[in-house]
1. Going through the range 63-117 one residue at a time, which ones are in contact (Cβ under 8 Å) with a residue 60 or more places away in the chain, within 33 Å of the chain's Cα centre (by Cα) and not in a strand (DSSP E or B)?
2. Among the numbered criteria (1) farther than 30 Å from ILE18 by Cβ; (2) open to solvent by 70 Å² or more (accessible area, probe 1.4 Å), which single criterion is violated by TRP120?
3. Check every one of the strands (runs of 3 or more DSSP E) wholly within the range 188-231 and list those with 2 or more residues that are within 11 Å of VAL165 (Cβ to Cβ) and among the aliphatic types (A, V, I, L, M).
4. Determine which single condition PHE234 fails, assuming it passes every other condition in (1) without any contact (Cβ under 8 Å) to a residue 12 or more places away in the chain; (2) part of a loop (DSSP other than H, G, I, E, B); (3) open to solvent by 90 Å² or more (accessible area, probe 1.4 Å).
5. Go through the range 144-187 and report how many residues are farther than 21 Å from ARG224 by Cα, touching a strand residue (DSSP E or B) at 6+ places or on another chain (Cβ under 7 Å) and either in a loop (DSSP other than H, G, I, E, B) or open to solvent by 70 Å² or more (accessible area, probe 1.4 Å) (or both).
6. Out of (1) within 18 Å of ALA140 (Cα to Cα); (2) among the β-branched types (Val, Ile, Thr); (3) at pLDDT 95 or above, what's the single condition that is false for VAL168?
7. Within the range 125-134, identify whether any single residue is within 30 Å of ALA30 (Cα to Cα), surrounded by 12 or more Cβ atoms within 10 Å (Cβ to Cβ), free of Cβ contacts under 8 Å to residues at least 60 places away in the same chain and hydrophobic (A, V, I, L, M, F, W, C), and answer yes or no.
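The values are calculated or read from the model by the stated rules, or taken from the named source; none is laboratory data. No experiment lies behind these values; they were computed from the predicted model shown. Cβ placement follows ideal geometry from the backbone for every residue including glycine, while neighbour counts extend to all protein chains displayed. These accessible areas exclude ligands, DNA and RNA; they are computed on the full protein's heavy atoms, side chains included. Shrake-Rupley method; radii C 1.70, N 1.55, O 1.52, S 1.80 Å.
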Amino acid sequence: MNLSLGRGMNWLWLFPAIGAAMLLGALAIAVTQQRFRTQALHAKGVVVEHSFSRSDSSDSGSGGTYCPIVHFTAADGRQIEFVGGVCSQPPAENVGETVAVLYRESDPHDARIDSFLTRWLAVMVVGGLGGVFLAIGLLAVLPGLRGRRIAAELRATGVAVQADVVEVARESSIKVNGRSPWRIHAQWRDPASGKIHLFRSDPLWFDPSDYVGEHVSVLIRPGRPKRYWLDTRFLPELA
């Protein structure tokens with residue numbers, strides 16, 4: 001049973017924290033967009049040309065995006081041109097195409113095309129990334145939290161058995177910054193059932209071989225040896 005990710009792994013909380021912050025950011029963008037729509041004036045605009053933005057990774061015309069340049073007449077008669085906020089390849093709007101425009105009455109240059117992408121693209125991108133970060137973070141930290149709770153429970157109510165150390169080995173299925181932790185592997189024969197139970201420690205971020213003897217204490221739940229915690233409190237703490 002993998003009960004935790006070990007000491008020094010609190011940085012994993014960065015993932016759900018970043019995810020939650022991005023989700024809040026997406027909500028803030030959506031609220032700002034809705035507030036702008038509520039206060040803005042409406043107009044009809046025309047796409048007069050496209051502004052081409054070349055990608056840094058390409059010297060060819062196919063390596064960039066096209067941003068629409070829209071012309072419209074504000075309510076006070078001023079002629080306004082602005083660059084649409086959503087650029088694409090190929091262009092989403094054709095030159096000469098009529099588009100709906102929203103603009104701020106006090107500053108007509110603060111304008112945008114009234115479209116689904118303009119309203120929701122940033123929200124979807126930021127919110128989607130936030131959801132991914134949050135999910136990855138929770139998958140990483142929740143088992144550790146559950147493991148600590150189980151370890152605390154077994155320290156209070158578990159029964160200690162002496163298991164034979166089988167090996168100390170790297171856990172190649174876990175990698176952090178290219179490094180894998182160690183685990184202590186042990187086994188114990190239940191005298192009541194005669195069955196062999198296999199145990200492994202939490203991930204350890206230093207080689208504990210020099211500190212491990214022939215036997216190690218394992219706390220098990222009475223009647224349920226599969227719920228266990230291999231006691232590594234005899235090891236020195238990682239600085």
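1. Scanning the range 63-117 gives a single hit, ASP114.
2. Evaluating TRP120 over (1) farther than 30 Å from ILE18 by Cβ; (2) open to solvent by 70 Å² or more (accessible area, probe 1.4 Å) leaves (1) as the failure.
3. Working: elements: 196-200, 215-221, 224-230.
Hits in the range 188-231: 215-221.
4. Checking PHE234 against (1) without any contact (Cβ under 8 Å) to a residue 12 or more places away in the chain; (2) part of a loop (DSSP other than H, G, I, E, B); (3) open to solvent by 90 Å² or more (accessible area, probe 1.4 Å), the one that fails is (1).
5. As a first pass, look at the range 144-187 and keep what is farther than 21 Å from ARG224 by Cα: 166-183.
From what is left, the residues that are touching a strand residue (DSSP E or B) at 6+ places or on another chain (Cβ under 7 Å) are 166-171, 180-183.
Still in the running and either in a loop (DSSP other than H, G, I, E, B) or open to solvent by 70 Å² or more (accessible area, probe 1.4 Å) (or both): 166-167, 170-171, 180-181.
So the answer is 6.
6. (1)
7. Initial filter on the range 125-134 (within 30 Å of ALA30 (Cα to Cα)): 125-134.
Next cut, surrounded by 12 or more Cβ atoms within 10 Å (Cβ to Cβ) only: 125-134.
Among the residues that remain, those that are also free of Cβ contacts under 8 Å to residues at least 60 places away in the same chain are: 125, 128.
After this cut, where a residue has to be hydrophobic (A, V, I, L, M, F, W, C) as well, the list is 125.
For the range 125-134, residues within 30 Å of ALA30 (Cα to Cα), surrounded by 12 or more Cβ atoms within 10 Å (Cβ to Cβ), free of Cβ contacts under 8 Å to residues at least 60 places away in the same chain and hydrophobic (A, V, I, L, M, F, W, C): present.
Matching residues to (1) out of contact with any strand residue (DSSP E or B) (no Cβ under 7 Å at 6 or more places or on another chain); (2) open to solvent by 60 Å² or more (accessible area, probe 1.4 Å); (3) closer than 24 Å to ASP107 by Cβ; (4) at pLDDT below 95:
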residue: GLY8; (1), (2), (3), (4): yes, yes, no, yes
residue: LEU14; (1), (2), (3), (4): yes, yes, no, yes
residue: ILE18; (1), (2), (3), (4): yes, yes, no, yes
residue: GLY45; (1), (2), (3), (4): no, no, yes, no
residue: SER51; (1), (2), (3), (4): no, no, yes, yes
residue: SER55; (1), (2), (3), (4): no, no, no, yes
